[in-house]
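This report concerns only the one structure given below.
The values are calculated or read from the model by the stated rules, or taken from the named source; none is laboratory data. Values in this document were obtained by computation on a predicted structure and should not be read as measured data. Glycine gets a Cβ as well: all are built from the backbone with ideal geometry, and neighbour counts include every protein chain shown. All accessible areas refer to the heavy atoms of the entire protein, side chains included, with ligands and DNA or RNA removed. Shrake-Rupley method; radii C 1.70, N 1.55, O 1.52, S 1.80 Å.
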Amino acid sequence: MSNLLEVNNLHTYFDTRRGVVKAVNGITFAIKEGQTLGIVGESGSGKSQTAMSILKLFEHNQRIADGSINFNGVEINNLPEKELQKIRGNDISMIFQEPMTSLNPVFTVEDQINEVIMLHQNLTKEEASKKSKEMLESVKISNADNVLQQYPHQLSGGMSQRVMIAMALACYPKLLIADEPTTALDVIIQAEILKLMNDLKTDFNTAIMFITHDLGVISQMADDVIVMHGGKIVEAGPILSIFDNATHPYTKRLMAAYLKTDISRRKGEEEMEHDLFSAENDKFDFQNFKENNQADADWVEVDPGHFVACRLK
């Protein structure tokens, strides 16, 4: 299966009055057709800025300083704005974190989905409205005719997110970027949205880049995972390998935070610190991470397709 998206040595920087902020600092990964890549990490690790870099949805002081982004065999990071607009919402779509703020409050649901369809598919308003209804029905909205006429403030959180997913999939994109799409939802609605996205991936053979800080969500969605910290990737591999054999201390810390619910049973700080760095051996260690809380420069393959940032001895 060929790679649909290839990101190579990507550096995305912000130019500020206090200097350059390296939001994404040299990451490389790929997504295959019909596969789901999970990106996990704490807030500020560079997850969302990686997604924004792919579509070049930048602030005025933001830029790609180095690296390349290849989509479907074409390098898109240097394309002019007019060419990028043909890709955004068409070949690559994005679901943002907050559906309530992503939808325009002064337009109906029908107007907003129609706009995407008419822009990229050259359909009439009547044809676009029919397609909008079909898309709402595809995301399991039973009263599609009523929802089309409603405004965003009239929708629940779960309904708003379904509308966002319908809008994102309206042009049958090859790649769907989902930036923490279930963060604001309760667990019941979250489970429904995750199942819906998995079903739609199967139906449309859409590749998904799923961004979250929740390892529980990743375990249900992803085929492969990359773990980000400080703008860099510290561990990458198949989902089962990451969960069965988490090696980098930062990944272990994320796993511990996800798995432990009884605070009274937590190990002492010294014992926990030893566990985090227990993978160190005579071939590699995590010296830079230990001393400076930054990713080490070398890589080692600990299992087939499972790589960890480290310092080779």
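Give the calculated FRET efficiency between Thr28 and Gln287 to the nearest 0.05, with a Förster radius of 25 Å applied to their Cβ-Cβ distance. Efficiency for this residue pair is about 0.70.
Figure the gain on full extension for Phe277 and Asn104 (residue separation times 0.36 nm, minus the Cα-Cα span) and round it to one decimal in nm.
Computed gain between Phe277 and Asn104 is 57.5 nm.
Only protein heavy atoms count here; under a 1.4 Å probe, Phe14 has an accessible surface of about 40 Å². For the pair Leu79 and Tyr258 in one chain, pulling the backbone fully straight at 0.36 nm per residue adds 60.4 nm over the alpha carbon distance. Toward the positive end of the charge dipole of the chain, with +1 on the Cβ of Lys and Arg and -1 on the Cβ of Asp and Glu, the farthest Cα among Leu5, Gln220, Leu276 is that of Leu5.
For Val106, the accessible area of its heavy atoms, probed at 1.4 Å with every protein chain present, is near 100 square angstrom.
Where nothing but the Cβ of Lys and Arg (+1) and of Asp and Glu (-1) is charged, how large is the charge dipole of the stretch 1-145 around its Cα centre, in debye to the nearest 20?
Dipole about the Cα centre, nearest 20: 380 debye.
Using only side-chain charges placed at the Cβ, +1 for Lys and Arg and -1 for Asp and Glu, the dipole size of the chain relative to its Cα centre rounds to 480 debye. Rolled with a 1.4 Å probe across the full set of protein chains, the surface gives Phe210 an accessible area near 0 Å². Approximating the spin labels as points 7 Å out from Cα along Cα→Cβ, the Glu59-to-Arg18 distance works out to 1.1 nm. Only helical runs count toward this figure. For the chain, summing -39,500 (n - 2.57) over DSSP H runs of n ≥ 4 and dividing by all residues gives -11000 deg cm²/dmol at 222 nm. Projecting the Cα atoms of Ile39, Asn114, Ile188 onto the dipole axis of the chain, where Lys and Arg carry +1 and Asp and Glu carry -1 at the beta carbon, places Asn114 farthest toward the positive end. Given R0 = 30 Å, the distance between the Cβ atoms of Asn70 and Phe204 translates into a calculated FRET efficiency of 0.85.
Here the stretch 104-181 has 51 percent of its accessible surface on carbon and sulfur atoms, given a 1.4 Å probe and all protein chains in place. Within the straight-line cut-off of under 23 Å between alpha carbons, the lysines reachable from Lys130 are Lys86, Lys140, Lys174, Lys201, sequence neighbours fewer than 8 places apart in one chain being disregarded.
Excluding ligands, DNA and RNA, the accessible surface per residue across the stretch 71-229 is 45 Å² with a 1.4 Å probe.
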